[in-house]
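Input: a single structure, listed below in structure tokens.
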Amino acid sequence: MDRIDCVVVGAGVVGLAIAQRLAKLGLDTLILERAPAFGTETSARNSEVIHAGIYYPPGSLKAQLCRRGRDLLYAHLTEHAVPHRRCGKLIVATAPDQTAVLNEIRSRALQCGVTDLRLLDAAEAQRMEPALACTAALLSPVTGIVDSQGFMRSLLGQAEASGAMLSLNTALVAARVSGAGFVLETEDTVTGARFTLAARHLVNSAGLWASDLAGRIDGLAPDRVPATRFARGTYFSLPGRSAFSHLVYPVPEPGGLGVHLTLDLAGAMRFGPDVDWIDSIDYRVNNDRQGHFETEVRKYWPALPPGALEATYCGIRPKLSGPGEAAADFRIDGPDRHGVPGLVNLFGIESPGLTASLAIAEVVANQIVR
């Protein structure tokens, strides 16, 4: 039986960041990914935004790791010449009673250590963005956008340069706690061939499938495995030249940050995501939501041409809270929480997971290398 120091399950942006960190620390690291390529699910189906760390409860993992991860991410992108842009973001109130919400966001951000937000009145915001309709806005100058595929390629390159290996089309079908480690049974998703290996450490970074995978670890108590809920978000795009130079976000809504306007690195506008709770993974795009999107976008951009939006893709966020419930925090469960030496489970790693990925990797590495 082959033996390895650490197996990381899931080659999304967080799994790749963890593998890179572990490999640099000298651990023989194997990344298992059941898809034929890395980063094909949540990591590839998002807004590609570098978040400032504004919205999260003070003291939460999301608040701490978003802020730390943001700084690490900008440094990494600069060092490795990954395309990105610090374009800034406007969070907008489109009715007078929403100004109080902006003040609440600003107060919470200050408690989280984000001190550069600036409250603008309507005239100031419209001087920055003439097409914008609002009663007030918060400016976040540190928010940016990134080529997420380029970032993941840089992480994989760094991991492989330090000796890590990526095994695509490889699913972990079962795991068993055995002595000072784990016996893992894998399956080739193309041929069906099975292979067994042993690992001292196991990191479950399976994203949408993390709860399902954790439930198949023999030796992990079932009550240590939370249920994952799926929130699908659709994105629409608008071809042509952008009417905005900043990202534009409405005030947050239950389950998400509202139908916001983001830019890609070519300057094109895209809108979304909305929130659609689903029971199983389904990436089909629903064009019927166009009317809803137009209504939401016109609250801050009245000049949106009718019928101009085009449905492009959707993403699914793994959430630990459901409709009507308070947003749940990240869970990074090490032995102190579940009692299984060498195991780290990551649950509910949704937004701001991309921004926080390098900081999440630090936390996981500290759970393993003690």
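Observations on the model:
- Within the stretch 177-195, if we keep just the residues that are assigned to a loop (DSSP other than H, G, I, E, B) and either among the aromatic types (Phe, Trp, Tyr) or on the phi > 0 side of the Ramachandran plot (or both), the residue that is surrounded by the fewest Cβ atoms within 10 Å (Cβ to Cβ) turns out to be 192.
- Being of a type outside the set (Lys, Arg) and assigned to a helix (DSSP H, G or I) holds for only one residue in 69, 53, 39, and it is 69.
- Positions within the stretch 122-156 being part of a helix (DSSP H, G or I) and farther than 17 Å from residue 14 by Cβ, in sequence order: 122, 123, 124, 125, 126, 127, 128
- Residue count for the stretch 19-72, restricted to those that are under 26 Å from residue 313 (Cβ atoms) and among the charged types (D, E, K, R): 7.
- So residue 358, is it assigned by TED's automatic domain parsing to the domain that holds residue 204, at pLDDT 95 or above, in contact with a strand residue (DSSP E or B) (Cβ under 9 Å, 6 or more places away or on another chain) and crowded, with 24+ Cβ neighbours inside 10 Å: no
- Hey, residue 213 closer than 28 Å to residue 5 by Cβ and either in a strand (DSSP E or B) or touching a helix residue (DSSP H, G or I) at 6+ places or on another chain (Cβ under 9 Å) (or both) or not: no
- For the stretch 226-299, the strands (runs of 3 or more DSSP E) that sit wholly inside it and include 1 or more residues that are out of contact with any Lys or Arg (no Cβ under 7 Å at 6 or more places or on another chain) and surrounded by 14 or more Cβ atoms within 10 Å (Cβ to Cβ) are 229-238, 247-250, 261-263, 269-271.
The values are calculated or read from the model by the stated rules, or taken from the named source; none is laboratory data. Note that this is a predicted model, so its numbers are computed, not measured. Neighbour counts are summed over all protein chains in view; Cβ atoms, including those assigned to glycine, are modelled from backbone coordinates with ideal geometry.
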